[in-house]
Amino acid sequence: MKLPSWETLASISTFASSLIAVAAWWVAHQTIKDARLYNAMNLASTLANRFEDMKLQRKEFATALFTELQKPKPNVERMIPTTCAILEFFEDLGYFTRRGLVDKGIVWNHFFWIIERYHFALTEFPPNKINFLEELRRIENNDPTFYQEFEWLFETLKQEEVREREMRYKAQGRNNTTVTYRKPSYQRVLTFLKEESNLIV
């Protein structure tokens, strides 16, 4: 039997080394991917718990917002003391999501219906439809970055809402169904604010 040449053995060795390198890269890639997913889920859980622990701030904010919305001329400045904690939470959540530190699908699942209702109440609640966010920016010397992460998060989760509904319809065999974003009704937002105002702390 003829033994393989040194050139053949060298080629086999090089090929085997390449396979080992690829396998090592794949294992490392999967490990990093799994670690990122774990960290993202862990951060999302931490944020959900943090929001749950903010019942007092949520109660005060929803009460102040609901009270001002019932007035002929809502006064944004009266709301400032109760606004910061909640909107700053949503700013943090938006920043973490935009940077990819939290999976937007997880954020949609945990927070969208809350963010959606707060955003509606803050920007287009009838009959005045005053935009509290714009008024808050005006108070802060027209700073366009003021609560921009909250705005970005709302728009991003709107798209995620449409995508999730499309997937649900396709799973039901309704492939030709046109999916568009539907705003929450006035009554649903009103009910939400009342529920937040009645939180037990």
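The values are calculated or read from the model by the stated rules, or taken from the named source; none is laboratory data. Only a predicted model underlies this, so the values are computations on that prediction, with no experimental measurement involved. As a convention, Cβ positions derive from the backbone with ideal geometry for all residues, glycine included, and neighbour counts pool all protein chains shown. Accessible surface areas use protein heavy atoms only, side chains included; no ligands, DNA or RNA. Shrake-Rupley method; radii C 1.70, N 1.55, O 1.52, S 1.80 Å.
Only residues that are open to solvent by 60 Å² or more (accessible area, probe 1.4 Å), in a helix (DSSP H, G or I) and either hydroxyl-bearing (Ser, Thr, Tyr) or in contact with a Cys (Cβ under 9 Å, 6 or more places away or on another chain) (or both): list them for segment 135-186, please.
Scanning segment 135-186 gives a single hit, Tyr186.
Return the pair list, or none, for Cβ contacts closer than 8 Å from residues in segment 132-158 that are modelled with pLDDT under 90 to residues that are basic (Lys, Arg) and not in a loop (DSSP other than H, G, I, E, B), at least 6 apart or on different chains.
Asp143/Arg137; Pro144/Arg137; Phe146/Arg137
Of the conditions (1) open to solvent by 90 Å² or more (accessible area, probe 1.4 Å); (2) modelled with pLDDT under 80, Glu88 fails just one. Which one is it?
Going through the list (1) open to solvent by 90 Å² or more (accessible area, probe 1.4 Å); (2) modelled with pLDDT under 80, Glu88 breaks only (2).
Would you mind telling me which numbered condition in (1) over 20 Å from Leu190 (Cβ atoms); (2) outside any helix (DSSP H, G or I) Ile80 fails?
Status for Ile80: all satisfied but (2).
Exactly one condition in (1) at pLDDT below 90; (2) at negative phi is false for Phe96; which is it?
All conditions pass for Phe96, except number (1).
Considering each of Leu199, Leu190 in turn, give the residue that is assigned to a helix (DSSP H, G or I), of a type in the set (A, V, I, L, M) and surrounded by 15 or more Cβ atoms within 10 Å (Cβ to Cβ).
Checking each option against the conditions leaves just Leu190.
For segment 117-126, give me each residue that is surrounded by 20 or more Cβ atoms within 10 Å (Cβ to Cβ) and in contact with a Phe, Trp or Tyr (Cβ under 7 Å, 6 or more places away or on another chain).
Those that are surrounded by 20 or more Cβ atoms within 10 Å (Cβ to Cβ) and in contact with a Phe, Trp or Tyr (Cβ under 7 Å, 6 or more places away or on another chain): Arg117, His119, Leu122.
Just name the residue that is modelled with the highest pLDDT out of those in segment 62-85 that are crowded, with 17+ Cβ neighbours inside 10 Å and of a type in the set (A, V, I, L, M).
Top of the filtered list is Ala62.
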